[in-house]
Structure formats: C-alpha cells, structure tokens
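This report concerns only the one structure given below.
Values in this text are rule-based calculations from the coordinates and carry no lab data. What you see is a predicted model, and the numbers here were worked out from it, not measured in a lab. So basically every Cβ, Gly included, is an ideal-geometry build from the backbone, and we count neighbours across all protein chains shown.
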Amino acid sequence: MPTLVSHPDEVRVLSRRFGQGAANIDKYIELDGYKAVQQAIAQGPEWIINTMKASGLRGRGGAGFPTGMKWSFVPKQSEKPKYVLVNGDESEPGTCKDHVIFLEDPHAVIEGTMIAGLAIGSKLGFIYLRGEYRYLLKIVEKAVADAYAKGFLGKNIFGSGVDFDVITQTGAGAYEVGEESALMESLEGKRGVPRIKPPFPAVVGLYGGPTVINNAETIASAPHILLMGGEAFAKLGSERNGGTRLFGISGHVERPGVYELPMGYNLKKAIYDVGGGIKDGRKLKAVVPGGASCPVLTADEIDVGLDFDQMGKAGTMLGSGGIVVLDETVSIVEFALRTIAFYQHESCGWCIPCREGTDWIKKTLTRVYNGGGNKKDVANVQYLAENMLGRTFCPLGDAAAMPTIAFVKKFRQEFEDYIAGQKAGTPIITLDQLVGAGH
Amino acid sequence: MSEIANTIFSPELAARFDKLITIYPMKRSALVPMLLYAQDEVGYVSDAVVTEIAERLDLLELDVRNVLSYYSMLRTRPAGKYNVQVCTNISCMLRGGYEILNHCKAKLGIGHKEVTRDGMFSLEEVECIGACCWAPAMQVNYDFHENLTPQKCDAIFQMYSEGKGRDEK
C-alpha cells in the first residue's frame, strides 16, 4: 500500500480526506461528501460551469486546459447522448497521484463525475482505470455500488428528476490509452489508437456523442471547488493557475511521496523542503518536472514556480505533476535511453513519425550507450526528435521528442564525452536488458 | 444459465459476462474487460477464449485478436501461477529497479517472460505501474509490493510459495 506523507507547506483541499477512511461512504458523507452534487442540482448547469471557470482549474492530466471552458464547449442540444469520461489510465512515468485518489477518496471521483454530468446534461459517466490498478478498480466499484445502494446514483438523483449512471471500466495495459481519443477507442472495445482532431470530443466523442473527458484528479477537484467557491479555490494558486494539485515527488529525494501543494509553489522548495532534499546528501543533477515527457531541467534551472505558465516559460511543462529527481550519479545518456525505450515500447504505431522516430532514436542511443557511438549521433538524435514534433495524431510523438531534445541539448557535452570514451555517472542497465528482453 | 451453451468459463464468470455485455450503449465495449477477466480465470487468452468472446460479442475472431495483440497485459501463453512484474521505468530505475529485476532473475532462475519449471512463478520487466513514489515497486499478479529490497523480494516469493500471499483478482 502507498505510504501517505505530509508536510507543513501542504494545502489540503483534494487530499483533506486522505487517511480518514473516506472510501467508506458513511465516512465520506460525514466529511461533507455528496453535498456538492446537491448544491449543483439546486444551482443548475450554468452555475456549475461558471464556478469551475472562476476556479481557474486546469486539466491535471498534463495538458492544463481550463476545465470550466472544456465543459462549456459541449453543445446544449444534442441528438446523441452525452457522456462524461474519467481518465484514470494513469501511466505517465513519475505519476502516481490518481493511485492515491482512487485508494483514499474514490467517492470524490464519483461525485465529480456526477457534477460534470449535471453541467453538460449527460446521464452516463464512465470511470476508466488502467488494468494494473485492479485493487483500486475494486475500491471504486465498491464505492459505486454503495452510492447506488444509497440512491445517490441511478434514477432521479437527489430528487432532481435527473438520472445518472456510472460504469467502471478496466484497461489492459497501454500507455497510449491515456490519450483521450485512444481511451475512447479502448472503451469502444478497439485497439487504443488515436483519432484525428477535429472534431474534438466535446462535439464527437465516445460512441459519436458529445463527451467531456477529464483526468481523475481534475474530476475529483470539482466537488471541493463547488463547496468552497470558485474564487476561493483560485486564490490558493497562482495567476491563471487556480488552486492546488497533487505533486508526486520521486527518484533521488529523502522523502518521496504525493504532496498537495498550491499551484505556483517553488520547484526548488518542493525538492529540498517538501521532498526532504537529495537522498544521502548527494548533489542534484537534473529534474524531470512533470512526468517523463517533460523536458529536463538542470540543477541551475529549478528556481521556478510549479504552474503551467511558469513552467512553460522555463522551457518545460508542468505535465502530470510527477517530479522526478536525478542526483549527480545519474548518467544522462542512460536516462535518455531508458526514457526513449519506454516511448518506443508504447508507441501504438499508428503514426509513422512516432513509430519510426522512437525506434531510430532508441537504436542510436543504444549504440552510443554501448560504446559504439560516433560524433554525428548526437545531432542525429536531435534531428530525428525535432522532426517528430507536431507530426502525429496524438501527443505521444511529442512526449517522446521533447525530453529527448532537452537531454541532448542541455547535456550535449556529456553525450560527446561519453562517445569519446569518458563515461559520466554510474551505469545501471546492461545492454542485453535494454534491447533484449523487456524492450 | 449462460447465454452460451457449453461455455468454457465458470458459471460465475459466464453469468458476469452475460450481464457485462448489457450495461454499455454498445456491447463491444465489454471486449477489453472480458479478455482480461477471462485471462484471470483461464490463465491466458487461449484460442477457446477468443472463440467464445467473439461469439458473445458478435465479432469476428479476427476483431478479437486485433484488440488482444494491442494490450500488454493480455497474453496468449500461460504465465506462472504468480506473475512477477518488476517496474524498471525512470522512478524505479533511480531507486534500484534494475537491481531488483536482476535479483528476481537470479532468485527465480528465469528471464523476462519465462516461467519457472514448477509453474509457480513467471517474471516480466514492465513499464511504469504507477507506484513511483514508493519505488522500486513490482506487482505479483495484481498485488503491489513497494519500497523493495532484494531481501524483501525473497520474503515475498517465500510468502507466495507457501500460498500466503494476497492474490486479488
């Protein structure tokens, strides 16, 4: 079981029920559960969307799209049924926040799904969890069953005259399915390959109906926002980045864990204060700030606020909030190779630049790692990655290219020295492991 | 009574599938969960599993195989009774994921996607399993084991060998 952690700098909104047994429906109700949805029914769709807009909440999956605006894009009138889809296919390396939400506060996800449904006029919501999260799926299934037993889900919810149902769904192992259109394909019983956009899901989504798809953390934020008010939530964060979010601090820190911090919180403080500093008193080398797809920051670049805009200005992304900390012993050549090996493995093969690009970068970096690299390899890796950017249906191609470009640009000297025979860092992977079995 | 005569699944699973295909706006939506739940019971997605699921969903076997080949958790050959899945992705790698993998290989005497002779364990190197803050981590079937050390792995294998491990499905 995940270990819960805490730090005085945390601002507990989303995590305020963690550790209190809120997976139990009576406990959840005691802790203000299912109040927000009743408020949502009383106030109506326009109020919900306005409150969400005022909250400044931006998508916690990584793209950072304003949630209230996303909900407002769904057409009011639709011949086809509308759907709410909760993305719990949490697979971005470095990210385990939804894991904790499903474990500690599953009803918040259910209540958030209902609120999204009320906002857009949908009668059916899906909560999709990655296949590996079976024990969490059972927790969510139990929570859904308990909500039905209380009459909170189903016909005429809270006397509103509105029906709302929730279906839970398991995946079966695929990073790509975390992409919204691929997730819809998977939920329709197909291979998880992306759809071209437009049309966007808000217009043509699941089963061809207008669909709101949100990350599980985004959805779980909604009840808290309605209860505390949009402006109050917004004020907790930084400019244009409302509220708090769950950050997972992992890698070489003394106190790894999932912490809830205000948007805009300083990254350096997150690592040195909240995360307890670099493990075993070593020096910091680099940080991958928001899951594996985010461009790496060097130790000199981490005095920056953790929000979508400040991270963008710093040349990287806030992403999924998974902060991965690398100490001075890490070989960037090896780390870059492990990263691209992941994306090559997970590329669904639908778009050629991604399928071929990830494969060639992996092959080239493997040769470099193996001691057979030549001087042109570094430039070639960068060239390949730059030519993947923006040339694929879904962002997986970008997710593979962006960190690769940052590794070779910011640590170019280390790559060149490595090729010249000076190996930095402590190698971990043996080559047969990387190209042989698992990948 | 199952809707399929001579079902290969247990009465419980057959009944579950009968219900599952009715809950979605489109019954094909049951395909991915059905493949995984069938695998949980049968041990892998056998030809007979493919045939019956195709029949239940009014799909071609080809449609089912097309989906089956996409998802990394679905397998077409038996695994061990306990499938050990060691994560070596970045957060785990930084905290000794490869050391754990190598230890498991040595301890179990098998490599990636291999099964021990007694059929008790199989081993797999897997991508991120969403336990990054409790790294290094692995799953044995669906159960998570976190903050691993080689010693802890030994104790876990011992536990499963004695039939005392959790085995949630």
(message) I'm checking my understanding of the structure. Among residues of the stretch B:58-89 that are assigned to a loop (DSSP other than H, G, I, E, B) and of a type in the set (D, E, K, R), which one is farthest from B:Gly163 (Cα to Cα)?
(response) B:Asp58
(request) Could you tell me which numbered condition B:Tyr24 fails, if it satisfies all but one of (1) closer than 30 Å to B:Met138 by Cβ; (2) not in a helix (DSSP H, G or I)? (result) (1)
(request) Could you grab me the full set of residues in the stretch A:34-78 that are touching a Lys or Arg at 6+ places or on another chain (Cβ under 9 Å) and under 22 Å from A:Gly161 (Cβ atoms)? (result) A:Tyr34, A:Pro45, A:Trp71, A:Val74, A:Pro75
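Going by what's in this entry, would A:Ala36 be described as more than 14 Å from every other protein chain (Cβ to nearest Cβ), crowded, with 20+ Cβ neighbours inside 10 Å and over 22 Å from the mean Cα position of the chain (by Cα)?
Details: more than 14 Å from every other protein chain (Cβ to nearest Cβ): yes; crowded, with 20+ Cβ neighbours inside 10 Å: yes; over 22 Å from the mean Cα position of the chain (by Cα): yes.
Against the criterion (more than 14 Å from every other protein chain (Cβ to nearest Cβ), crowded, with 20+ Cβ neighbours inside 10 Å and over 22 Å from the mean Cα position of the chain (by Cα)), A:Ala36 qualifies.
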(request) Look through A:Gly161, A:Gly189 and report the one residue that is more than 14 Å from chain B (Cβ to nearest Cβ), part of a loop (DSSP other than H, G, I, E, B) and free of Cβ contacts under 8 Å to residues at least 12 places away in the same chain. (result) A:Gly161
(message) Between a residue in the stretch A:136-147 that is touching a residue at least 60 places away in the same chain (Cβ under 8 Å) and any residue that is surrounded by fewer than 23 Cβ atoms within 10 Å (Cβ to Cβ) and assigned to a helix (DSSP H, G or I), which pairs come within a Cβ distance under 7 Å, given they are 6 or more apart or on different chains?
(response) A:Ile139/A:Leu103; A:Ala143/A:Ile25; A:Asp146/A:Ile25; A:Ala147/A:Ile25
(message) Tell me the residue from A:Leu124, A:Leu103 that is within 20 Å of the chain's Cα centre (by Cα) and among the aliphatic types (A, V, I, L, M), please.
(response) A:Leu103
(message) Show me the strands (runs of 3 or more DSSP E) found entirely inside the stretch B:112-169 where at least 1 residues are more than 16 Å from A:Gly131 (Cα to Cα) and out of contact with any Cys (no Cβ under 7 Å at 6 or more places or on another chain).
(response) B:121-126, B:143-145
(message) So, in the stretch A:71-83, how many residues would count as being within 13 Å of another protein chain (Cβ to nearest Cβ) and either free of Cβ contacts under 8 Å to residues at least 12 places away in the same chain or within 20 Å of A:Glu217 (Cα to Cα) (or both)?
(response) 1
